[in-house]
1. If you take the C-alpha gyration tensor of region 65-198, multiply each eigenvalue by 5 and take the square root, what semi-axes do you get, largest first, in whole Å?
2. Kindly report, to the nearest 10 Å², the accessible surface of K354 as traced by a 1.4 Å probe over protein heavy atoms only.
3. For R327 and T247, what does the FRET efficiency come to when R0 = 41 Å and r is the distance between their Cβ atoms, rounded to the nearest 0.05?
4. Pull up all non-local amide H partners of V45: gap of 5 or more, or a different chain, and H-to-H distance under 5 Å with H placed in the peptide plane.
5. With all protein chains present and a 1.4 Å probe, how do R39, R282 order by accessible area, largest first?
6. So for region 125-193, what percent of the C-alpha to C-alpha distances run longer than 20 Å?
7. So which of K322/K487; K354/K536; K251/K281; K57/K153; K380/K441 end up more than 18 Å apart by C-alpha?
8. Calculate the all-directions average of the projected area of region 133-240's alpha-carbon convex hull, and give it in nm².
Amino acid sequence: MAPYYITTPIYYVNDRPHIGHCYTTLLADVAARFAILIRGSADGVFFLTGTDEHADKVVTSAAEHGVSPQAWADQNAAEFRKAFDFMGCGYNDFIRTTEPRHKEKVVRYIEALQKSGDIYQGEYTGWYDAGQEEYVTETAAKEHGYKSAINGKPLIKRTEPCYFFRLSKYQGELLKHMEANPTFVQPDSRRSEVLGRLKQGLNDVPVSRPVTDDPATQWGIRIPGDPKNRIYVWIDALFNYLTTVDTPERKQLWPASVHLIGKDILWFHAVIWPALLMALKRGDSIERVDLPRMVFGHGWWISEGQKMSKSLGNFIDLERLKAYAGRYSLDALRWYLATQGPIGGVDADFSHAKFVEVYNADLANGIGNCASRVSNMIAKYFDGKVPAAEAGASSVAEACARAAAAAPARAAEFDLAGGLHQGIEVVRAVAGYINATEPCKLARKIDAEPALKGQLATILYNCAEGVRIASLFLAPAMPQKMGELWKRWNCAPAAGFHLGELAKFGGPHRLAPGTAVEKGDALFMRADAAESAPGKS
Ligand code: MSP
């Protein structure tokens, strides 16, 4: 089976982790967990995140804090790691661009491109957006009144000696690749955006910055053979996806299955990065440089209807996220972010009212209530043990079969919310089945009509098996809560089996009759919509 290698952007270390960074990394975590579930094994699944540390801003911030750039990067990279650990993200590696294992290989790649002529020396004059560490085209600069489209600060006119990457040469090949591979850039709205721009033509891009007496210019990887120039931070950063796995043990992981990114950095990933890989391949000096299979650009989170900005002070920062996790549980936060986030084309609003609505509907009144109703009835009528019953046709079994077929398809399209929602569909089917079959009413008739006990057993068996199967689809977003349910119900999925086998209703992994099903406390307490948002002063 082909490996599943998923990456997140590597984050600038001068920022503090916030909802944006946590969201992208969480989505990658959910995708990796889905991949493990669908394959039935963690072998060949690799999830990479990390930090982008050679930005000029690192030197300035470090100086402001009276520490060396490396010490500043160390300290902040550790904050990102802690944030992602807190979010329960099980990344397999955390790459930092200041690590020798990265730097050494970047130098090798640049050397190869110099040799093949795809990197050449020239001079560059252009509009520079210092906040984004990027040059803006004349058209884009004019369009925004020569101010940054991102933070509104004036752009700076700069001229510098420079190395260029021959991007223009790859326009045709890129177009051909995008046309032949409609899912290379996703979602479709992003693909159209890239195609539209690509058709307008490509200019060669600068890939170096000069080194001067200014300490900020001395931070970064030097151009091989020319220590007066250093590699532009974006080029250095993009290579992380390859440097991390360009080792004898890991090279079979390439090409990446998904580069998950935010829409703001689409051009770098959908055009510049693939062109660099094409050039490397042509240079024939690196072994495995096929193009990534998919670049997926999600939208942005906004907060209570407004764009998040430092000036508005409305950033959903890590403290706010921790406050949500503290009140509603980490898995509830993960669920909200993963299912309500801007994964499709449009931005999503982090709104407290919406959080509570989704929490109550999907979790407290959804899987939580369904699991406790079923375990309560099993406790009451069957001594807490799953009753013996034959798996026959039922609306619950049908819902499980539909969900098992749909979930892998959704996950393959990177519709993670759609994959997770299969669990909710099954929960709904169980709740509907309980309402239709009225097991409590039936139980009251058993004294007079003992033969009805078999019917009750079948109903409760179907419900319990439905809850078990629902939990499988919910687990990539809520590993802790579903782990808790599996512990209580003695139904942890057996290792080494894939979703198709595990989710078979009444199949070999079913809730075997006689299995003890413990009631326990509510998995999710109901939330009071009138209570104010957590973590807000
Ligand atoms: N260092 C570059 C990426 C280099 S990748 C080779 C960078 N870093 S960043 O720290 O600014 O992080 C950018 C990423 O954070 C975005 O692409 C997106 O994934 C995430 N987000 C930042 N703010 C966001 C929101 N408000 N909403 C959702 N995600 C956003 O760019």
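The values are calculated or read from the model by the stated rules, or taken from the named source; none is laboratory data. Here the structure is a predicted model, which is why all the values come from computation and not from measurement. Quick reminder, even Gly has a Cβ in these numbers, built from the backbone with ideal geometry, and neighbours come from all protein chains shown. These area figures cover heavy atoms from the full protein model, side chains too; ligands, DNA and RNA do not enter into them. Shrake-Rupley method; radii C 1.70, N 1.55, O 1.52, S 1.80 Å.
1. Numbers: eigenvalues 168, 111, 93 Å².
Over the Cα atoms of region 65-198, the semi-axes work out to 29, 24, 22 Å.
2. 80
3. Working: r = 43 Å, r/R0 = 1.05.
For R327 and T247, the calculated efficiency is 0.45.
4. Y4
5. The ordering from most to least exposed comes out as R282, R39.
6. Details: 1211 of 2346 pairs.
Counting every Cα pair in region 125-193, those more than 20 Å apart make up 52 percent.
7. Details: K322/K487 25 Å; K354/K536 16 Å; K251/K281 15 Å; K57/K153 15 Å; K380/K441 13 Å.
Where the Cα-Cα span goes over 18 Å, the pairs concerned are K322/K487.
8. Numbers: hull surface 34.7 nm².
Over every viewing direction, the Cα hull of region 133-240 projects on average to 8.7 nm².
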